Amino acid sequence: MVAGIAKARDVEVEWPCCLDEYEKLVLLMNTPRVVIDNSVYPRATLVTVDSAKKHRYLLEAVQVLSDLNLSIKKAYFSSDGGWLMDVFHVTDQLGCKLTDERVISFIEETIEARRPNKSVGQENLTALELTGADRPGLLSEIFAVLSDLQCGVSDARVWTHNGRMAAVLFVSDEESGEPIDDEPHRISDIQSRLRNILQGQTNITSMAVANAERRLHQMMFADRDFETASSPLAVSIQRLVERGYSVVTVQCSDRPKLLFDIVCTLTEMEYVVYHGTVRTDADQAYQEFYIKHSDGRPISSEAERQRVMQCLQAAIDRRGQGLRLEICTVEKPALLSEITRAFRENGLLVKRAEVSSTKGQLASNIFYVTDAGGGIPSSEMVDAVRRNIGTCSLTVTQPFPRICEEAPVAGNRSGTGLGLASLGCLVLKNLSNLGLIRSSSC
């Protein structure tokens, strides 16, 4: 029952009838306020979030920007005195300012409402969470089993790191498109066959997964993938004794979603970021965070310090990079099984996968692959895969395209110029995946 409607920061708020005026005021004060400004900087959009200080607010704001595949070029955070302010210098995937009103409105409304971002239609799907030891051809075997059991994969995120694999798959009955979590015998069969392949954990749930990549970090952490170092540490931690903070410094190659991965890991380990700065210089990233544990203490022992550094390094490395292959074709039964089998037969290892498809519509499947030695596959290997998959459109692309030579005029949200047609397709695809608009033919 709703007693009335109030206007707060241009967002309508429905009040439960049990709230008095003081309780309404408290809620209004705790609602994040988002300001997006294109007039301040010539080559970046300024996104400012301020609110009463709450644990996980920073992660939620970064998650919204990351889910839209936006780049955070600079940022600073401050949350002393019970109030927080987060400032982000943001560009799109092409290195241009944000100009699409739908994207801008989506950012404002999602952060202010604190709504978790979920892909469209996931509420009607069954989630499979898989972890196990990675090996060549494993993903091909998983998709083959699901195809054999008449399960269609509508969305999937797969990571591999330090010999471990984690996956979040959203599946439904291949014929009806209905979820399968209400079929106990079928679920038991799926779990049994996948566990035989994985020799690890298989979890089937009808619960909504608010963010698949955040869940993958949790699964990898629980699987202790951080215990075996795979690369030199890019993380250092010092103690600022006079202020009671631990200072975490990250210096590494820049890449998309790096800030999300770091903040997500700190948050899941129950550390709170009180202050921080982020900047990028060419292809290098520098991030600094002043943190305390959620109980108010800094990192207090060498063992804890080493563990935090290991976990953050794992978060940096989990998005294993390789040659980025994008395969677009009309969705059909056993499509993913055929594609991953072609990879296996031609010696390609899948380091990471992002799958998104709708029955009868265009499927977008992105795979990051290497050769058996972990290097970039040869053009001959890629051509062999292209011949095997037949009519599919296989595109070899750079992970981080940058073709926007000039930023739009300051304050102009409707800019034109090189790359905006491609940008429109990227934006519409991201909004469609988040359920904001219908699928586009772009």
Rg (one decimal) and Dmax (whole number) from the Cα set of the range 261-311, in Å, equal 12.0, 37
Over the Cα atoms of the range 28-100, how large are the radius of gyration and the largest Cα-Cα distance (Dmax), in Å? 12.4, 38
Please compare each pair in LYS54/LYS97; LYS97/LYS292; LYS292/LYS351 to a cut-off of 31 Å on the Cα-Cα distance and tell me which ones are over it. LYS97/LYS292; LYS292/LYS351
Chain lengthening between ASP371 and GLN321 when straightened (0.36 nm per residue, less Cα-Cα): 16.8 nm
Step through the residues of the range 331-348 one at a time and calculate ³J(HN,Hα) from phi using the Karplus curve (6.51 cos²θ - 1.76 cosθ + 1.60, θ = phi - 60°), rounding each to whole Hz and writing x for Gly and Pro. 4, 8, x, 6, 4, 5, 5, 5, 5, 5, 5, 4, 4, 4, 5, 10, x, 9
Over the range 139-197, what is the relative contact order in whole percent, taking alpha-carbon pairs under 8 Å and six or more residues apart? 31 percent
Per-residue accessible area, 1.4 Å probe, largest first, puts SER364, SER176 in the order SER176, SER364
Sorted from largest to smallest, which semi-axis lengths in Å does the alpha carbon gyration tensor of the range 255-374 give for its equivalent ellipsoid, taking the root of 5 times each eigenvalue? 38, 16, 14
So what are the ³J(HN,Hα) numbers for the range 232-240, from phi and the Karplus equation (6.51, -1.76, 1.60; θ = phi - 60°), rounded to whole Hz, Gly and Pro as x? x, 5, 9, 10, 9, 9, 10, 10, 9
The answer for LYS351, listing residues at least 5 apart or on another chain whose modeled amide H is closer than 5 Å to its amide H, is TYR368, VAL369, THR370
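The values are calculated or read from the model by the stated rules, or taken from the named source; none is laboratory data. This structure is a prediction, so every number in the text was calculated from the model and none was measured. To get the accessible areas, we keep the full protein, side chains included, count just its heavy atoms, and leave off ligands, DNA and RNA. Shrake-Rupley method; radii C 1.70, N 1.55, O 1.52, S 1.80 Å.
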